[in-house]
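What follows is one structure encoded as structure tokens, with my remarks underneath.
The values are calculated or read from the model by the stated rules, or taken from the named source; none is laboratory data. Predicted model, so just to flag it, every value in this text is computed and none were measured. Cβ: placed from backbone, ideal geometry, glycine included. Neighbour counts: every protein chain shown. Just so you know, the surface numbers come from the protein's heavy atoms only, side chains and all, with ligands and any DNA or RNA stripped out. Shrake-Rupley method; radii C 1.70, N 1.55, O 1.52, S 1.80 Å.
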Amino acid sequence: MRNLKLDIDNYRNLLKQYIKFLDENALYQAEQFSKLSIQHNISPEEIINVHIQALKELYPDLPKEVDYSLNFLLETMISYGLAYQEMQSLREQQLELKSEISVAANMQQTLLSTEKPNIKGVDIGAISVPANQMNGDYYHFVSDNQQSIGVAIADVIGKGIPAALAMSMIKYSMDSFSESQRNPCSILENLNRVVERNVDQGMFITMFYGLYNLNSETFSYASAGHEPGLFYHASTNEFREIKTKGLVLGVSKDTTYQQYEIEISHGDMIILLTDGVTECRVGNRFIEREEVLEVIKKYIHLPAQEAVEQVYKHFERLQGFQLRDDFTLIIIRKNV
């Protein structure tokens, strides 16, 4: 405040010069006074107080109404200054939080990264796009020496950093399971116990796990309350839902899961997705599942990766380039 006190005389002279002569140079110097005040963290009410002191020294016989109005202005600016400081503090906290979320999102991408298996005769496409910085969806591939492909797709009921941490736990739990525990029902039962013990009661995880055995040409799978996938039968050019039963992960530690199996022939496709695909919202309505299927049909002739990207772009345009939920889509096609 010391530097401001030293400038009161200068401020009074500038004010007098401007009032008498409307001197533009005085206005310019007043701007410099404002900049100096900002540098020294001088509050708006302190500047108002300086102005009142200078005005009273120049015009000691001001009408009492003007004096009252100046006091009213000073009180108003005191309230304004407090509110402004609070807003600045909240803004700094928000920027700090955004920075932390950005770091967490980058860590999530690293921790949850997975590679698509490159196996002869199998075409795989996968895309997962978060609606916000943190992704509540997750997918993961497990390849076993060209003999089988394990695929997991999951959705956390709950978003943000807690969801990302839960997904990281899921991935590293899966990677720790032995070969004898790789059956879909065993995978889900083991993960269910992990989630039930370690995840907050208000957070649940839906998950689908499938195992494509290249030798037996079968796809076995189980679901923990996840969105039904689709199976495309190439010989009949028909789609049907991959319906399963199973409780979401984390509700009860004693939950068991039923395992199903389908045969895979040339050209057949497994299509897995999250509810960010099937519950796409346009205006005030959710699109029907039949509409989703029509969009997928439009692009199934393309290579799998190109197909999932085109389906995503279609729904992104449909929602005005603003996703309302995380979007994850996987296509696995048998080519030979």
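Of everything in the stretch 216-264, what is surrounded by fewer than 16 Cβ atoms within 10 Å (Cβ to Cβ) and polar (S, T, N, Q)? Give them in sequence order.
S216, T218, S235, T236, N237, S252, T256, Q258
So, in the stretch 294-336, exactly how many residues are in a loop (DSSP other than H, G, I, E, B) and not polar (S, T, N, Q)? Show your work before the answer.
To start, the set of residues in the stretch 294-336 that are in a loop (DSSP other than H, G, I, E, B) comprises 300-303, 319-326, 335-336.
Among the residues that remain, those that are also not polar (S, T, N, Q) are: 300-303, 320-321, 323-326, 336.
Going through the stretch 294-336 one residue at a time, the tally reaches 11.
If you scan the stretch 278-293, which residues turn out to be farther than 23 Å from Y139 by Cα, open to solvent by 90 Å² or more (accessible area, probe 1.4 Å) and assigned to a loop (DSSP other than H, G, I, E, B)? Even if it seems obvious, please write down each step before you answer.
So in the stretch 278-293, the residues farther than 23 Å from Y139 by Cα come out as 282-288, 290-291.
When the remaining residues are screened for being open to solvent by 90 Å² or more (accessible area, probe 1.4 Å), the result is 284-286, 288, 290.
Listed by number, the residues that qualify are N284, E288.
Select from the stretch 197-223 the residues that are free of Cβ contacts under 8 Å to residues at least 40 places away in the same chain and not in a loop (DSSP other than H, G, I, E, B) and write down the one among them that is farthest from G136 (Cα to Cα).
Per the criteria, the residue is A222.
For the subset of the stretch 144-172 comprising residues that are at pLDDT below 80 and more than 15 Å from the chain's Cα centre (by Cα), which member is surrounded by the most Cβ atoms within 10 Å (Cβ to Cβ)?
Quick first cut of the stretch 144-172, residues at pLDDT below 80 only: 144-146, 157-169, 171-172.
Remaining after also requiring more than 15 Å from the chain's Cα centre (by Cα): 144-146, 168-169, 171-172.
Values: D144: 14, N145: 5, Q146: 14, S168: 16, M169: 17, K171: 19, Y172: 12.
Among those that are at pLDDT below 80 and more than 15 Å from the chain's Cα centre (by Cα), it is K171.
Taking E86 and the conditions (1) within 30 Å of T218 (Cβ to Cβ); (2) modelled with pLDDT of 75 or more; (3) over 21 Å from the mean Cα position of the chain (by Cα), which numbered condition does it fall short on, given that it satisfies the others?
So E86 meets the others, but not (1).
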